[in-house]
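Here the structure comes first, spelled out in structure tokens, and everything after it is commentary.
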Number of protein chains: 2
Amino acid sequence: MDEPSIALLPIGWVESPLTHRDSAPKQGDEGAPEAWIALRPELVEGLAGIEPGDEVIVLTWLDRARRDVLRVHPRGDLARPEEGVFNTRSPDRPNPIGLHVVTILAIDGHRVQVRDLEALHGTPVLDLKPVLGPPGQR
Amino acid sequence: MDEPSIALLPIGWVESPLTHRDSAPKQGDEGAPEAWIALRPELVEGLAGIEPGDEVIVLTWLDRARRDVLRVHPRGDLARPEEGVFNTRSPDRPNPIGLHVVTILAIDGHRVQVRDLEALHGTPVLDLKPVLGPPGQR
């Protein structure tokens, strides 16, 4: 199909001690260090209402991933049979968008400190969303 | 910053009886009809391992949303004070990526039937990911 591609602009970037994929945990709750999200200053108004302690979903662009992979060993474990990438959280996938559930630690102007973000330093951030409560509390 | 934009290619498209934003529920578990995701046939291998009954996260590109909005009334309810878009699930946001938790009903070749998807007919699909179990069961 001749679909034009979709253009994303990062809303910010990750600042983290993690700099290499091999040293990053597979998921944020498996030992990720504290990190910052530096939002574009002109977007700071979009943070209104977010407070320390909130759980937030961070979408990132995993810019060091491969996009031509359709099957992987889950968690890179060669002992596990290959599965389709859409049945894994592998960063390698046609659109390498990372999904991270983090806890807000602090907000300092357009910079947001978070716990449990396993993305590498310099990773573009695409979106922030609240974790949804049950219907009736949204 | 002079960051080049990021190019996404849809992995597929939503087929749904929902055609207008005004008639769509705010969230998939608030009355969305059954829908299909028609994957690009060349990506079908990426589905390997997904089965009916699985809970899957669908990322979509909300192509009818506004990208120049930073504050909204949550759920479009004018009685609620405006908040930053990053503290809401509004489709209107700088990168209008939709996040939907759906249940797989059936898989028919490169087409996947799902429950609880409130995206409109024709919405581009960007990614599918499994809902993560607890550490140790991933």
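The values are calculated or read from the model by the stated rules, or taken from the named source; none is laboratory data. The shown structure was predicted, so the numbers you read here are calculated from the model rather than taken from an experiment. Here the Cβ is made from the backbone with ideal geometry for all residues, glycine too, and neighbour counts use every protein chain on show.
Tabulated results
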| read-out | value |
| --- | --- |
| All positions within region B:101-123 that are more than 27 Å from residue A:28 (Cβ to Cβ) and within 10 Å of chain A (Cβ to nearest Cβ) | B:112 |
| Of residues in region B:32-54 being within 28 Å of residue B:94 (Cβ to Cβ) and within 17 Å of the chain's Cα centre (by Cα), the one farthest from the other protein chains (Cβ to nearest Cβ) | B:35 |
| Residue under evaluation residue A:58, criteria (1) facing chain B (nearest Cβ under 7 Å); (2) in contact (Cβ under 8 Å) with a residue 12 or more places away in the chain; (3) not in a loop (DSSP other than H, G, I, E, B), criterion not met | (1) |
| Inter-residue pairs, beta-carbon under 8 Å, first within 14 Å of chain A (Cβ to nearest Cβ) and within 20 Å of residue B:126 (Cβ to Cβ) and in region B:3-31, second of a type in the set (Asp, Glu) and not in a loop (DSSP other than H, G, I, E, B), 6+ apart | B:11/B:127 |
| Criterion (at pLDDT 95 or above, surrounded by fewer than 17 Cβ atoms within 10 Å (Cβ to Cβ) and part of a loop (DSSP other than H, G, I, E, B)) met by exactly one of A:122, A:133 | A:122 |
| Among the residues listed as B:53, B:31, B:76, the single one being under 16 Å from residue B:114 (Cα atoms) and at pLDDT below 95 | B:31 |
| Every pair of residues 6+ apart whose Cβ atoms lie under 9 Å, when the first sits in region A:63-74 and is over 13 Å from residue A:94 (Cα atoms) while the second is in a loop (DSSP other than H, G, I, E, B) and hydrophobic (A, V, I, L, M, F, W, C) | A:73/A:79 |
| Residue list for region A:41-61, filter: over 11 Å from residue B:71 (Cβ atoms) and touching a helix residue (DSSP H, G or I) at 6+ places or on another chain (Cβ under 7 Å) | A:50 |
| Failed item in (1) at pLDDT below 95; (2) crowded, with 19+ Cβ neighbours inside 10 Å, with residue A:93 passing the rest | (1) |
| Selection within region B:72-100 - within 9 Å of another protein chain (Cβ to nearest Cβ) and in a strand (DSSP E or B) | B:83, B:84, B:97, B:99 |
| Number of the condition not met by residue B:44 [criteria: (1) crowded, with 16+ Cβ neighbours inside 10 Å; (2) in contact with a strand residue (DSSP E or B) (Cβ under 6 Å, 6 or more places away or on another chain)] | (2) |
| Any chance residue B:21 is modelled with pLDDT of 95 or more, surrounded by fewer than 16 Cβ atoms within 10 Å (Cβ to Cβ) and out of contact with any strand residue (DSSP E or B) (no Cβ under 8 Å at 6 or more places or on another chain) | no |
| Single unsatisfied condition, residue A:112 versus (1) closer than 17 Å to residue A:11 by Cβ; (2) under 17 Å from the mean Cα position of the chain (by Cα); (3) part of a loop (DSSP other than H, G, I, E, B); (4) among the hydrophobic types (A, V, I, L, M, F, W, C) | (3) |
| Single unsatisfied condition, residue B:116 versus (1) more than 20 Å from residue A:86 (Cβ to Cβ); (2) buried (at least 19 other Cβ atoms within 10 Å of the Cβ); (3) not β-branched (Val, Ile, Thr) | (1) |
